[in-house]
Amino acid sequence: MERNCKVSIICAVFNHEKYIRQALDSFLCQKTDFKYEIVITDDASTDGSAAVIREYAEKYPDIIVPIFFEENMYSKNIPVVPEYAIPAARGEYLAFCEGDDYWTDPEKLSIQAAWLDAHPDYSACVHNTMNYYCDTGREAPYNTRYHGDRDLGFADVVNGVGGVFHTSSVMARASLFRELPDYCVVSEKHGVGDHPRAIMFALSGKIRYIDRFMSVYRNNSTPTAWTTRIRENAFLVDRLTGAVEMYTAALGHVEGEDKKLLEQTLHRYEWELLQAKGEYAEMRREPYRTITKQRGLVQKLWLDFKQYFPELYCLYMKARGMENGIPEKLRKGKR
């Protein structure tokens, strides 16, 4: 495929009618001395998202590459971004932003592309993001761990990218996506793309972190948003299963201290999965027993409450309108 533009912006949309205009406008206002394109997918939205995308595509036919689906691919466990959006991209670099998030700095693409142009040993360039909580209107920095521009390595991302950099901040070399490693392929089927991509970046080169706010991540933007659905037990179990499978596969790609770090992270995700499934007795065995001991007193008491008083726990969750968060095992009255 001819690479006749510098950057391809990858934007996935599903029922983002309320937000997609702001996202597209934030892409189109980028100040660059190079060509860029917007590859945007609509996964059979049931609101007016597709109409908005068509409106913008007609207005900017040389920039916007729309991909529409008549059937929802997510419900079929088909990952739209790696299967359709990325193969359609023509850019040397890929920048990511979902349809309910947006960029705030018109120099974002120029800054990141300039860094990658000048530093071929870097696989990706990221930056800080502002969290916006739709339910309360509160704002908070996504990353509070690091201050100042710096390089990120494997140890920085192995525990998951949460708290380090958000998807809306990522610009990476498109060549990395031509043949995804097995741990990325496994995780994409569970909708867990951020962590394995971060590991892929770290294993392929260095990651440059720019301590500058250039995007906004909307928390709880829609009923289908990650931050909303993660409270549903079935959704949580599926995502944690994907994470466990991903980290297990990734073990074959690292060695030494990196492998030890990865194993520790894998055990923590297995611990979380056991909790989500209601397998509390199993959490008392090694290596999970050590992880349980490291938790705070309140969380340990909460685990005891769920294990030894499951009926009361279920009544409590139902009273708070959180029945969907009850592990299936407890919901069925199994001990």
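Tabulated results
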quantity	calculated
Heavy-atom accessible surface of the chain: percent carbon and sulfur, 1.4 Å	51
Three-way shape call for the stretch 1-101 based on the alpha-carbon gyration tensor, with the a/c threshold at 1.5	oblate
Share antiparallel - DSSP beta bridges, the chain, percent rounded to 5	30
Debye, to nearest 20: dipole size of the stretch 31-116, +1 on Lys, Arg Cβ, -1 on Asp, Glu Cβ	260
Prolate/oblate/rounded label for the stretch 84-220 (Cα gyration tensor, a/c 1.5)	rounded
MRE, 222 nm, helices only [DSSP H, n ≥ 4, -39500 (n - 2.57), over the chain, to nearest 500]	-11500 deg cm²/dmol
For peptides 81-90, 321-330, sequence by mean Cβ density within 10 Å, most packed first	81-90, 321-330
Candidates K206, K76, K189: whichever shows maximal mean-square fluctuation once the chain is modelled as a Gaussian network with Cα springs under 10 Å	K76
Calculated semi-axes √(5λ) of the Cα gyration tensor in Å (choose from (i) 47, 20, 16; (ii) 43, 22, 21; (iii) 36, 24, 18), label	(iii)
Charge dipole (the stretch 12-79, unit charges on Cβ, about Cα centre) - positive-most of A23, V13, S49	A23
From phi via Karplus (6.51, -1.76, 1.60), per-residue ³J(HN,Hα) for the stretch 51-64 in Hz, x at Gly/Pro	5, 5, 4, 4, 4, 6, 5, 5, 7, 10, x, 8, 10, 9
Residue pairs, from the table K31/K259; K6/K76; K108/K277; K260/K300; K108/K260; K18/K108, whose Cα atoms sit over 30 Å apart	K31/K259; K6/K76; K108/K277; K108/K260
Table column - 3J(HN,Hα) (Hz), the stretch 236-241, Karplus curve with 6.51, -1.76, 1.60, x for Gly and Pro	4, 4, 5, 5, 5, 4
Order by protection proxy (mean Cβ within 10 Å, highest first), peptides 293-299, 170-176, 136-142, 233-239	170-176, 233-239, 136-142, 293-299
Protection-proxy order for peptides 126-133, 32-39, each taking the mean of Cβ atoms within 10 Å per residue, highest first	126-133, 32-39
Dipole in debye (nearest 20) - the chain, about Cα centre, beta carbon charges: Lys, Arg +1; Asp, Glu -1	1360
5 angstrom amide H check on I38, placed H, neighbours 5+ away	I9, I64, V65
Cα-based shape type of the stretch 91-165, given that a ≥ b ≥ c are square roots of the gyration tensor eigenvalues and the cut on a/c is 1.5	oblate
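The values are calculated or read from the model by the stated rules, or taken from the named source; none is laboratory data. Worth saying up front: this structure is predicted, and the values here are computed from it rather than measured. With ideal geometry, Cβ positions are generated from the backbone for all residues, glycine too; neighbour counts draw on all protein chains shown. Surface accessibility is based on the protein's heavy atoms, side chains included, excluding ligands, DNA and RNA. Shrake-Rupley method; radii C 1.70, N 1.55, O 1.52, S 1.80 Å.
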